[in-house]
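Here the structure is laid out as structure tokens; the discussion comes afterwards.
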Amino acid sequence: MTQDFDLNPTIPVAPADFRSGFVALIGRPNVGKSTLMNQLIGQKVAITSPVAQTTRNRLRGILSTDQAQIIFVDTPGIHKPHHELGKILVKNARSTVGAVDLVVFIVDGAVPLGKGDQFIADFLVKTEAKVILGVNKIDQRPDKRPEIFASYQALATQNHWQLQEFSALAGDRLPELQDKLIQALDPGPYYYPPDLITDQPERFIMAELIREQILLHTRQEIPHSVAIAIEQVNEGEEITEVRAAINVERNSQKGIIIGKKGAMLKTIGTAARQQIQKLIAGKVYLELFVKVQPKWRQSRTRLAELGYRLEDN
């Protein structure tokens, strides 16, 4: 197993000028929060997908440098919830703001400031959070960039926020953003060992990697009606056996995931297995099966069983 997810190594004493803190990544769905966290950390800890509202759990990613340790909290996109799961996700995202040292409010730099962004901005202004406005996707629509930038510059100026443009996908101007984050944090200790990149257990990451492949291969057919439960992990000397349940709400969704003669499930399993092998740096045998759990997103009991609950700060 890789050592990146070992939660028990020794935590060193930080030097006198060391900075550290918790940084929330806040924004509308699909503005690039998970992509940004993965890029800054340098390794994949959060799943990404063209489907909006990919992130569900409050996932911590850890960036340690010689000067600082930044603990990123990737939150679900703030949106109008349509079911019990959505309500929990949005409440958790909003509650995160009161428990961190700094907020990076990420917006889509390919479009001007909109109502969804203004809604989040109005919420942040009412808090005591220190905010950096991060304008992502600056590599898109260069012909409209001055006009788009002006709308976000006005928002930052109005609220006395720092502003940083970047492209999370291309990696452009991320060093400048990282410098601003470090300077905005107060002096502090190491909260985690410097070689740790997330505080989540491997089973959680495995489940997320499987869910990512379902989102990528089924797109809008299975938008958010799927939850993964890792039922068993057996670590052998030569191979790790993983058994996982894919929970959906309807029989029609089960049929889509399985596909004709099991072709889709095989495709999802092969892609997920390759990602999990990178995670644990070893061979994996992955067994997937599909369960129908009617209306699981509406049931607090089912949500809790599948790992979704209101988080305490």
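Of all residues in segment 93-128, those satisfying the criterion of being within 20 Å of the chain's Cα centre (by Cα) and not in a helix (DSSP H, G or I) are V100, D101, L102, V103, V104, F105, I106, V107, D108, G109.
Here are some residues: V290, V284. Which one is modelled with pLDDT of 90 or more and either assigned by TED's automatic domain parsing to the domain that holds P29 or within 22 Å of N38 (Cβ to Cβ) (or both)? Even if it seems obvious, please write down each step before you answer.
Values: V290 fails: either assigned by TED's automatic domain parsing to the domain that holds P29 or within 22 Å of N38 (Cβ to Cβ) (or both).
Just one listed residue meets the conditions, V284.
Return yes when T218 is modelled with pLDDT under 85, in the same structural domain as Q277 (by TED's automatic domain parsing) and among the hydroxyl-bearing types (S, T, Y) and no when it is not.
Here the answer is yes, as T218 does meet what is asked.
For K91, the criteria (1) touching a helix residue (DSSP H, G or I) at 6+ places or on another chain (Cβ under 6 Å); (2) modelled with pLDDT under 85; (3) surrounded by fewer than 19 Cβ atoms within 10 Å (Cβ to Cβ) hold in every case but one, which is (1). Do we find a residue being modelled with pLDDT of 75 or more, under 23 Å from A207 (Cβ atoms) and among the hydroxyl-bearing types (S, T, Y) anywhere in segment 20-39? Yes, segment 20-39 contains a residue that is modelled with pLDDT of 75 or more, under 23 Å from A207 (Cβ atoms) and among the hydroxyl-bearing types (S, T, Y). Considering segment 191-218, and only residues there that are under 14 Å from the mean Cα position of the chain (by Cα) and acidic (D, E), the residue that is nearest to A229 (Cα to Cα) turns out to be E208. Can you tell me which of G269, G262, G307 is at pLDDT 90 or above, under 17 Å from F204 (Cα atoms) and of a type in the set (G, A, S)? Just one listed residue meets the conditions, G269. A Cβ distance below 9 Å, combined with a sequence gap of six or more or placement on separate chains, defines the contacts here; from segment 228-254, residues that are farther than 15 Å from R273 by Cα and outside the structural domain of Q275 (by TED's automatic domain parsing) reach no residue that is among the aliphatic types (A, V, I, L, M) and surrounded by fewer than 20 Cβ atoms within 10 Å (Cβ to Cβ).
The values are calculated or read from the model by the stated rules, or taken from the named source; none is laboratory data. Since we're looking at a predicted model, the values are computed, not measured. Quick reminder, even Gly has a Cβ in these numbers, built from the backbone with ideal geometry, and neighbours come from all protein chains shown.
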